[in-house]
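Q: Got a structure for you, written out below as structure tokens; questions coming shortly.
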Amino acid sequence: MENFSPKTYFDSPERASTEEIEQLRKRSVNLSCIQQILETFPHIALLLNEHRQIVAFNSKARDYFFGSNGTGVLGKRLGEALNCIHSKEMEAGCGTSVFCRECGAGQSIKRTNQTNENTVSECRITAQNADVEVSLDFRVYTSKIFIDGHSFTLFAVEDIQSEKRKLVLERVFFHDVLNTATAIKGIAEVLPQLKNSDEFDEFVNMLQYSSDQLIDEILVQRDLTYAENGLLKTNVSETGVNEILSRVEALYKNHELSKQKVFEVIYLKENIKIKTDSSLLIRSLSNLVKNALEAISANQTVRLYSELNENQIEFIVWNEGIIPESVQLQIFQRSFSTKANFGRGIGTYSVKLFVEEYLGGKVSFISNQQDQTKFIISIPLSNPL
């Protein structure tokens, strides 16, 4: 067994050496019946040793994860084989970082190893594919088996990305869009009765606002789909930072979410010009402001402002309150949501996708007692877009 540092935040750091993996395969795994069993699975199937390392896999796993030559993954753990963005944070690899605590696959494997129980859970992994981060959604199944006196975990993986995308679209179009369309219908029905009333202009404005909101909700989903498929086109122009702040303020100053809450926008004394797709940036900032307003209680504050930091401009959305650690560890994953109704976990994910893949910027956040919660979008002043 390899001598690793015992530093870990979740599962055991120990792992078998390459020689031990090969010996284990020769004695126990390279039996025709074992490979036949793996091939009978309708989905990806892996056989893991007691240290969570891959010692065998079926052809579906080879085709999905590893390509035509899968031998290079023997001895690796799942996150290492997939190139999970957290798999190299600790010396002991996959399963030992603080992020691994919230990994559905890691939790299932650990539970099966410790209790011999069969488990079924969902797993979200952000993998690095060349220079692009890819979000993966799986349903994982684990069970304990014993071969020739050795303990193994049988690990099956079902790809549920299409299922998750369908849930998101259903949530948006059956709830958000339907609610907005219903509001428009209600206003339209009332308007004829108010034609000669002092309230007529107010309801016309409400109708215009609701119509704009409906269009924006549809455009967000269209652009997210385009962005994930690499088809989103940006429209770059020179824009003032204060103009961007002003447009976000206009969206939420009289918004329903702002009622009984404080929404402050602080402008730069000297308006700085940047080159960016202002519509995409405003949409991203609006998403963060919306999340912040949803997170606070009555009389609490959300603050939007900007700061010059060396060669980049930072757009900061601050709110009172602290995000729980378990949420912080999953905040940018596509399907993760803190909302009671599943399928809405695209807010911060879409912001990261738009800003980092299409605007040439970075998204980060801080959430602690001293700073409360800040989400930061950083855009280079000399943006090459």
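The values are calculated or read from the model by the stated rules, or taken from the named source; none is laboratory data. Because the structure is a prediction, the values reported are computed rather than measured. Every residue, glycine among them, receives a Cβ derived from its backbone with ideal geometry; neighbour counts consider all protein chains shown. Surface accessibility is based on the protein's heavy atoms, side chains included, excluding ligands, DNA and RNA. Shrake-Rupley method; radii C 1.70, N 1.55, O 1.52, S 1.80 Å.
Q: I'm checking my understanding of the structure. Among residues of region 43-60 that are without any contact (Cβ under 8 Å) to a residue 24 or more places away in the chain and not hydroxyl-bearing (Ser, Thr, Tyr), which one is most open to solvent (accessible area, probe 1.4 Å)?
A: Keep residues of region 43-60 that are without any contact (Cβ under 8 Å) to a residue 24 or more places away in the chain, which gives 57-60.
With the extra rule that they be not hydroxyl-bearing (Ser, Thr, Tyr), the set shrinks to 57-58, 60.
Values: Phe57: 36, Asn58: 2, Lys60: 74 Å².
So the residue we want is Lys60.
Q: Can you pull out the residues in region 221-269 that are more than 19 Å from Tyr305 (Cα to Cα), part of a strand (DSSP E or B) and aliphatic (A, V, I, L, M)?
A: none
Q: Moving on to the next point. For residues in region 64-105 being out of contact with any helix residue (DSSP H, G or I) (no Cβ under 6 Å at 6 or more places or on another chain) and aromatic (Phe, Trp, Tyr), which is modelled with the highest pLDDT?
A: Here the answer is Phe99.
Q: Continuing with this model, one more query. Kindly indicate whether any position in region 117-132 is of a type in the set (Val, Ile, Thr), open to solvent by 50 Å² or more (accessible area, probe 1.4 Å), touching a residue at least 60 places away in the same chain (Cβ under 8 Å) and not in a helix (DSSP H, G or I). Break it down into steps so the answer makes sense when it comes.
A: As a first pass, look at region 117-132 and keep what is of a type in the set (Val, Ile, Thr): 119-120, 125-126, 132.
Filter once more, keeping what is open to solvent by 50 Å² or more (accessible area, probe 1.4 Å): 120, 132.
Checking which are touching a residue at least 60 places away in the same chain (Cβ under 8 Å) leaves us with 132.
Then drop every residue that is not not in a helix (DSSP H, G or I), which leaves 132.
Yes, the conditions are met somewhere in region 117-132.
Q: Can you tell me which residues in region 283-321 are in contact (Cβ under 8 Å) with a residue 24 or more places away in the chain, open to solvent by 50 Å² or more (accessible area, probe 1.4 Å) and within 23 Å of Ser382 (Cα to Cα)?
A: Leu308, Asn309, Asn311, Gln312 - these are the residues of region 283-321 that are in contact (Cβ under 8 Å) with a residue 24 or more places away in the chain, open to solvent by 50 Å² or more (accessible area, probe 1.4 Å) and within 23 Å of Ser382 (Cα to Cα).
Q: If you don't mind, there's one more thing I want to ask. Looking only at residues that are part of a loop (DSSP other than H, G, I, E, B) and over 34 Å from the mean Cα position of the chain (by Cα) in region 27-50, which one is farthest from Cys94 (Cα to Cα)? Spell out the reasoning first.
A: Here is the first cut: in region 27-50, the residues part of a loop (DSSP other than H, G, I, E, B) are 30-31, 40-43, 49-50.
Among the residues that remain, those that are also over 34 Å from the mean Cα position of the chain (by Cα) are: 30-31.
On the way: Asn30: 25, Leu31: 28 Å.
Only one residue tops the list, namely Leu31.
Q: Within the group Ser211, Ser151, Ser143, Ser135, which residue is at pLDDT 85 or above and within 25 Å of the chain's Cα centre (by Cα)?
A: Ser135
Q: Only one of (1) open to solvent by 40 Å² or more (accessible area, probe 1.4 Å); (2) under 26 Å from the mean Cα position of the chain (by Cα) is not met by Leu74, so which one is it?
A: (2)
Rundown of residues vs (1) surrounded by 15 or more Cβ atoms within 10 Å (Cβ to Cβ); (2) modelled with pLDDT of 80 or more; (3) within 18 Å of the chain's Cα centre (by Cα), yes/no style:
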| position | (1), (2), (3) |
| --- | --- |
| Leu167 | yes, no, yes |
| His175 | no, no, no |
| Thr182 | no, yes, no |
| Gln193 | no, yes, no |
| Ser197 | no, yes, no |
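Q: I'm trying to understand the selection: among the residues of region 247-278, which are surrounded by fewer than 15 Cβ atoms within 10 Å (Cβ to Cβ), of a type in the set (D, E, K, R) and farther than 27 Å from Asn235 by Cβ?
A: Glu256, Lys259, Glu264, Lys269
Q: If I ask for residues that are in a loop (DSSP other than H, G, I, E, B) and open to solvent by 10 Å² or more (accessible area, probe 1.4 Å), which ones from region 96-108 would you list?
A: Start the filter on region 96-108 by keeping residues that are in a loop (DSSP other than H, G, I, E, B), which leaves 96-97, 103.
Matches in region 96-108: Cys103 only.
Q: Okay, next question. If only one of Ser151, Ser135, Ser162 is of a type outside the set (Asp, Glu), surrounded by fewer than 18 Cβ atoms within 10 Å (Cβ to Cβ) and assigned to a strand (DSSP E or B), which one is it?
A: Working: Ser135 fails: surrounded by fewer than 18 Cβ atoms within 10 Å (Cβ to Cβ); Ser162 fails: assigned to a strand (DSSP E or B).
Only one candidate qualifies: Ser151.
Q: Consider only pairs whose beta carbons are under 6 Å apart and that are at least six residues apart or on different chains; among these, list those whose first residue lies in region 206-222 and is without any contact (Cβ under 8 Å) to a residue 40 or more places away in the chain and whose second residue is part of a helix (DSSP H, G or I) and open to solvent by 40 Å² or more (accessible area, probe 1.4 Å).
A: Final answer for the pair search is Ser210/Ala183.
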